[in-house]
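What follows is a set of notes on a single structure, which appears directly below.
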Amino acid sequence: MIRQTYIVIQMNLKRTDLLQKGAYINGQFVQADSAKTFPVYNPFSGEMIAEVADCNGDDAKVAIDSAAVAFKIWRKFTGTKRGKILRRWYELQIEHAKDLATILTIEQGKPLAESVGEIRYGASFVEWFAEEARRAYGDVIPGHQRDKRIMVIKQPVGVVAAITPWNFPSAMITRKVAPALAAGCTVVIKPSELTPLSALALAVLATEAGIPPGVFNVLPTNDAPSIGNEMTSSRIVRKLSFTGSTAVGKLLLRQCADTVKKVSMELGGNAPFIVFDDADIDKAVEGAIASKFRNAGQTCVCTNRVFVQEGIYDEFIKKFAEAAENQKIGDGLKDGVTIGPMVEEKAVASVQHLVEDAISQGATQLCGGKRHGDKDSLIYLPTVLAHATTEMKVFHTEIFGPVAPVFKFKTEEEVLRLANDTPYGLAAYFYGRDYARLWRVAEGLEYGMVAINGSSVSTTVAPFGGIKESGIGREGSKYGLEEYLEMKQIMWAGIE
Ligand code: ADP
């Protein structure tokens, strides 16, 4: 108890009520039906932050029912009215960005500056879809017979279930909930067991913004399968939107088959980062650092494999390793820290295993390769591995940590083959100058998102999503609203 108080003081929140522990069902914070709770920890210090309601399938049923009741009302609001409420939710997120970011850092570990960035990024979806709420346009199709008139209207799909991960505890929620609410759907969300507090903080602001009870519900749980089963088997839930690992995504897809739900899946990646001989090497190094080490390498669009053309390989790895070593590591709440802890022990053990495998097969470790500080530390030092080969696990596995294997290649054809040699297809990055090659490579990469001479693909205004086993559907942009709309054709006959 004393420790919890200590953490809350350390967080220095202006709005201490943003730190909630109950499930948010039908507009109220409530305990789980079983009265059970589970602990949430700070990954930097290992201290417990809070005991949160541990919901199960029974709570999910109640939340789904309340979302179904609320759907009848919410869908009838005009797009303009829904947009106004969403706009207010956006403004509140911006107003309380510092508090939301602090809660995020303390439960997830990422540096505060990155957390503030995430809150703004997350809020930008709410702003965008507040505007899009008015634009669920249909269509008028010329009749195929003289007496016929055909219209297409768009209607909300209904109650949406969403399951989100711990690496973006806030933005992965708003990226789903904002378009769903804009379209007229209602939502039941299950945040990650590692980071439920950010979701609950958003719920406080949802009430304040005037989002009616039942329209947005949050179910924290330490028993994901129990809620997942209820969500996927329910006939009331008409859509599941999931962000997380490919393995769990496949499981949920199978579970959704029986009720033939619409699905959106944002799954794993194995992003290539290609540097051609004619690239600006310093810019490429800067880009590789940003896309590899953001969030300690724990994002689905993080660079996984760096491919460098042979003419500049030595210069690139030298500069890249120097820049990696210069990262400031530590407590995410401290100024200037660029790399914080990984989220849990399992994650550190997994990257350590991948590094050992690569070194045992001949990779050269240029920096990192171990934890920072004592054996319990969850900070893994930024690691660069030169002379990586396709036999190593790092080639095929989503590393999800601050480890960069660097491969050498000779030709464009060879690197395209290597880059595409994966079941994943989320994000890809490449640097070069020859404009014809830039086009060819952008077209040849089998990925849903490609960045040329840049290290970021994430913005509200562009469609985010993958192909192959990286997912189904797109989030953000003008396409994002469609994911929550059904199309209905209305055929008029007898118009003589
Ligand atoms: P990560 O490797 O990023 O933790 P997961 O796919 O394990 O990815 O987790 C993403 C989300 O999926 C989390 O909210 C987690 O609780 C949830 N999850 C994991 N397993 C299941 C399951 N069997 N049913 C429903 N949700 C699940």
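The values are calculated or read from the model by the stated rules, or taken from the named source; none is laboratory data. Note that the structure is a prediction, hence the values are computed from the model and not measured. Glycine gets a Cβ as well: all are built from the backbone with ideal geometry, and neighbour counts include every protein chain shown. Each accessible area value is taken on the protein alone, full model and side chains, heavy atoms only, with ligands, DNA and RNA left out. Shrake-Rupley method; radii C 1.70, N 1.55, O 1.52, S 1.80 Å.
Points worth noting:
- Put simply, the amide H of ALA451, placed in the peptide plane, has neighbours under 5 Å in ALA428, TYR429, PHE430, leaving out anything fewer than 5 places away on its chain.
- Heavy-atom accessible area per residue - the chain, 1.4 Å, Å²: 41
- Taking every C-alpha pair closer than 8 Å and separated by at least 6 residues, the mean separation divided by the residue count of the chain gives a relative contact order of 18 percent.
- Environment charge at LEU381 (Cβ cut-off 10 Å; Lys +1, Arg +1, Asp -1, Glu -1): +1
- Sparse-neighbourhood loop sites, trypsin sites (Lys or Arg not before Pro) in the stretch 410-496 - DSSP loop, at most 14 other Cβ within 10 angstrom: LYS410, ARG433, LYS478
- Gyration tensor verdict on the stretch 266-326 (Cα atoms; rounded if a/c is under 1.5, prolate if a/b is larger than b/c, oblate otherwise): oblate
- Interchain or long-range residues, amide H under 5 Å from ALA404's placed H: THR383, VAL384, LEU385
- Taking amide H atoms as placed 1.01 Å from N in the peptide plane, the amide H of VAL275 lies under 5 Å from those of PHE307, VAL308, GLN309, TYR431, each 5 or more residues away in sequence or on another chain.
- Qualifying trypsin sites (Lys or Arg not before Pro) in the stretch 307-384, where qualification requires a DSSP coil assignment and no more than 15 other C-beta atoms within 10 Å, comprise LYS328, LYS334, LYS370, LYS375.
- In the chain, the DSSP beta bridges split such that about 40 percent are antiparallel, to the nearest 5.
- The residues neighbouring ILE399, those whose beta-carbon lies less than 12 Å from its own, together hold a net charge of +1 under the Lys/Arg +1, Asp/Glu -1 convention.
- Local electrostatic count, ARG417, Cβ distance below 12 Å [Lys/Arg +1, Asp/Glu -1]: -4
- Cα gyration tensor shape for the chain, rounded if a/c is under 1.5, else prolate or oblate: oblate
- Prolate/oblate/rounded label for the stretch 24-103 (Cα gyration tensor, a/c 1.5): oblate
- Accessible surface, 1.4 Å probe, highest first, among residues ILE141, ILE329: ILE141, ILE329
- 0 to 90° range, to nearest 10: angle between helix 313-325 axis and the chain longest Cα axis: 70
- The largest accessible area among ILE106, ILE490 belongs to the first residue in ILE490, ILE106, and the rest follow in falling order (1.4 Å probe, all chains).
- For the chain, the mean residue ellipticity at 222 nm estimated from helices alone is -12000 deg cm²/dmol, where every DSSP H run of n ≥ 4 contributes -39500 (n - 2.57) and the total is divided by all residues, rounded to the nearest 500.
- Listed by chain and number, the aspartates and glutamates whose alpha-carbon sits under 16 Å from that of LYS84, ignoring those within fewer than 8 places in the same chain, are GLU127, GLU131, GLU132, GLU208.
- Solvent-accessible area, 1.4 Å probe, carbon plus sulfur percent, for the stretch 74-202: 53
- Unsatisfied cross-links (Cα-Cα over 19 Å) in the set LYS148/LYS488; LYS292/LYS318; LYS72/LYS154; LYS36/LYS261; LYS110/LYS393: LYS36/LYS261; LYS110/LYS393
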